[in-house]
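Down below is the structure, laid out as structure tokens.
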Amino acid sequence: MKQENEVFKDCYSLLQQVLLDAFNVATLYHTPPYQDISKIDLGMRAAVWTHYNDDNTKIRFDSTSQSLRILIIKSNLGFYNILLPMDLNATPDFISIGPFRDEELSPSYFTQILKDAHVAHYDIQRMKYIYENMPLIQLDSVVNVTKHILGNFIPEFKNVTPELMQYSEQKRAIEMNAAVLDERFIEHSSRYQQLLFQFLDYLKLGDNENAKKALHAFWQESNLISSRNMREYKLNLLMLNDYCHMALMQTSIHPFHILKQSNSIRAKIESMTSFAKLEQMPGEICHKYCILVKNYANPDYSKLTKDIIAYIQLHLEEKLSLDFLAEHFSKNPSVLSNSFSKETGQTLTKYIHQVRIKEALRLFNTTDMSVSEIALAVGYQDFSYFSKVFTQNIGMSPREYRQKR
């Protein structure tokens with residue numbers, strides 16, 4: 001029996017990790033005398049029944065039908081749990097999966113739940129909070145993944161037919177337990193804030209790799225990843241875009257660039273019609289803002305140097321020279337030049353060329369503008385001079401680069 005228990009626990013460890021990664025659903029291991037039955041639904045019933053205790057839920061595992069079982073519970077509160085007992089004993093070790101729901105939280109669906117449960121109008125928002133933060137998963141998907149994983153450890157599980165459990169739940173009008181709900185909400189909110197700030201901290205550093213990992217954790221914790229409704233998912237993406245926008249407003253990046261990026265992402269989200277492409281947007285949003293940080297953040301520069309850089313980036317198509325910039329910022333040309341070179345490690349002229357060529361590359365890669373149009377757009381009135389500078393920086397002429405693209 002000890003050996004079988006060890007195999008079952010090995011199943012549990014893998015199953016727990018896979019279901020968490022794939023569906024963000026909880027998996028727990030239970031041993032007799034089952035003093036923690038309420039954890040099967042992560043305290044769901046305790047949250048909505050003020051006088052709930054483990055005796056309110058009666059579970060019978062004993063059966064002569066088959067040695068291995070996959071027991072499915074659908075609560076009259078509208079969510080699912082799956083139980084996996086190890087053997088036919090009346091008190092076996094067992095694994096619980098859930099809770100999760102398999103229907104969108106549409107007004108009609110939610111209203112029906114509230115009606116069936118006789119929820120008072122002043123408790124509707126608390127009830128809605130519970131369901132909004134419950135994973136949305138197709139029941140068949142969870143069952144199939146579970147059977148596949150268990151079947152690799154215990155081959156007989158591959159042939160087990162899921163069954164409805166002999167289960168009774170005391171039916172009564174729901175009386176909300178505000179203390180339990182508030183405790184859950186506070187815990188979730190703190191975790192939500194911690195993961196969001198962690199993501200935004202990486203974002204402000206331009207650390208795309210760690211920012212994406214932190215974003216995935218935040219996206220799962222907030223349960224935004226579970227929504228299959230396109231309108232709701234778009235609203236979640238727009239919220240994420242706003243978070244990124246406001247975080248970068250705290251950096252040295254000029255607001256012009258942040259607003260430009262934010263508006264571009266917003267327009268793309270609102271125009272998208274494919275849900276599959278929408279699901280790729282969190283990573284794309286993260287990547288675009290990290291690139292923005294790398295291109296435009298200058299945290300260690302003086303205010304004068306930051307102002308010069310911002311002016312250059314915003315006026316590439318205009319006349320830019322040492323004398324012009326010195327006059328614009330009311331500085332001696334020599335003082336301005338020496339200060340800029342000392343802080344950036346390059347001359348002002350070289351920096352202007354660098355930024356103009358970088359913008360030219362962006363236009364080559366994202367537009368159908370002609371070579372001459374791009375030269376004018378980045379501030380080169382003399383096409384031959386543009387071609388010379390471009391070739392020196394990129395290693396090929398503008399026309400060659402265009403043909404290659």
Contact list, first residue from the range 338-358 and more than 13 Å from GLN313 (Cα to Cα) and among the small types (Gly, Ala, Ser), second anywhere and assigned to a loop (DSSP other than H, G, I, E, B) and open to solvent by 30 Å² or more (accessible area, probe 1.4 Å), beta-carbon distance below 9 Å, six or more apart or interchain, is SER339/SER302; SER339/LYS331; SER341/THR347
HIS118 fails exactly one of (1) open to solvent by 80 Å² or more (accessible area, probe 1.4 Å); (2) at pLDDT 80 or above, namely (2)
Of the residues in the range 138-161, those that are touching a residue at least 40 places away in the same chain (Cβ under 8 Å), assigned to a helix (DSSP H, G or I) and in contact with a Leu (Cβ under 9 Å, 6 or more places away or on another chain) come to VAL142, VAL145, THR146, ILE149, LEU150, PHE153, GLU156, PHE157
Just one listed residue, out of ILE269, ILE309, is modelled with pLDDT of 90 or more and not in a loop (DSSP other than H, G, I, E, B), and it is ILE269
Practice item. Could you please let me know if VAL335 is closer than 20 Å to ASN295 by Cβ, part of a helix (DSSP H, G or I) and either open to solvent by 60 Å² or more (accessible area, probe 1.4 Å) or out of contact with any strand residue (DSSP E or B) (no Cβ under 7 Å at 6 or more places or on another chain) (or both)? Key: no
Inset, instruction - Examine the range 268-278 for a residue that is under 25 Å from PHE197 (Cβ atoms) and among the polar types (S, T, N, Q), and state whether such a residue exists. - result: no
Flagged in the range 211-242 as open to solvent by 40 Å² or more (accessible area, probe 1.4 Å) and either of a type in the set (A, V, I, L, M) or modelled with pLDDT of 90 or more (or both), in numbering order, are LYS212, LYS213, ILE225, MET230, LEU235, MET239, ASP242
Within the range 1-19, the residues that are open to solvent by less than 90 Å² (accessible area, probe 1.4 Å), modelled with pLDDT under 80 and among the aliphatic types (A, V, I, L, M) are VAL7
Only one of LEU278, LEU325 is over 30 Å from ARG399 (Cβ atoms), without any contact (Cβ under 8 Å) to a residue 40 or more places away in the chain and surrounded by 16 or more Cβ atoms within 10 Å (Cβ to Cβ), namely LEU325
Going through (1) over 26 Å from GLN354 (Cβ atoms); (2) surrounded by fewer than 18 Cβ atoms within 10 Å (Cβ to Cβ); (3) in contact with a helix residue (DSSP H, G or I) (Cβ under 9 Å, 6 or more places away or on another chain) one by one, ALA247 fails only at (2)
Going by the conditions given, is SER387 of a type in the set (Gly, Ala, Ser) and either at pLDDT below 90 or loosely packed, with under 15 Cβ neighbours inside 10 Å (or both)?
-> no
Inside the range 121-143, the number of residues satisfying the requirement of being exposed (fewer than 13 other Cβ atoms within 10 Å of the Cβ) and at pLDDT below 75 is 3
Among (1) assigned to a loop (DSSP other than H, G, I, E, B); (2) open to solvent by less than 70 Å² (accessible area, probe 1.4 Å), ASP300 falls short only on (2)
Within the range 394-403, of all residues that are in contact with a helix residue (DSSP H, G or I) (Cβ under 7 Å, 6 or more places away or on another chain) and either modelled with pLDDT of 90 or more or of a type in the set (Phe, Trp, Tyr) (or both), the one least open to solvent (accessible area, probe 1.4 Å) is PRO398
Of the residues in the range 23-44, those that are at pLDDT below 80, open to solvent by less than 70 Å² (accessible area, probe 1.4 Å) and among the hydrophobic types (A, V, I, L, M, F, W, C) number 3
Within the range 356-378, is there a residue that is surrounded by 16 or more Cβ atoms within 10 Å (Cβ to Cβ), touching a His at 6+ places or on another chain (Cβ under 9 Å) and under 27 Å from ILE308 (Cα atoms)? no
Condition set out of contact with any helix residue (DSSP H, G or I) (no Cβ under 8 Å at 6 or more places or on another chain), more than 22 Å from TYR380 (Cβ to Cβ) and not polar (S, T, N, Q), scope the range 338-355, selection most open to solvent (accessible area, probe 1.4 Å): answer is LYS342
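The values are calculated or read from the model by the stated rules, or taken from the named source; none is laboratory data. Keep in mind that what you see is a predicted model, and the values were worked out from it rather than measured. Backbone-built Cβ (ideal geometry, glycine too); neighbour counts: all protein chains shown. Quick note on the areas: whole protein, heavy atoms, side chains included, nothing else; ligands and nucleic acids left out. Shrake-Rupley method; radii C 1.70, N 1.55, O 1.52, S 1.80 Å.
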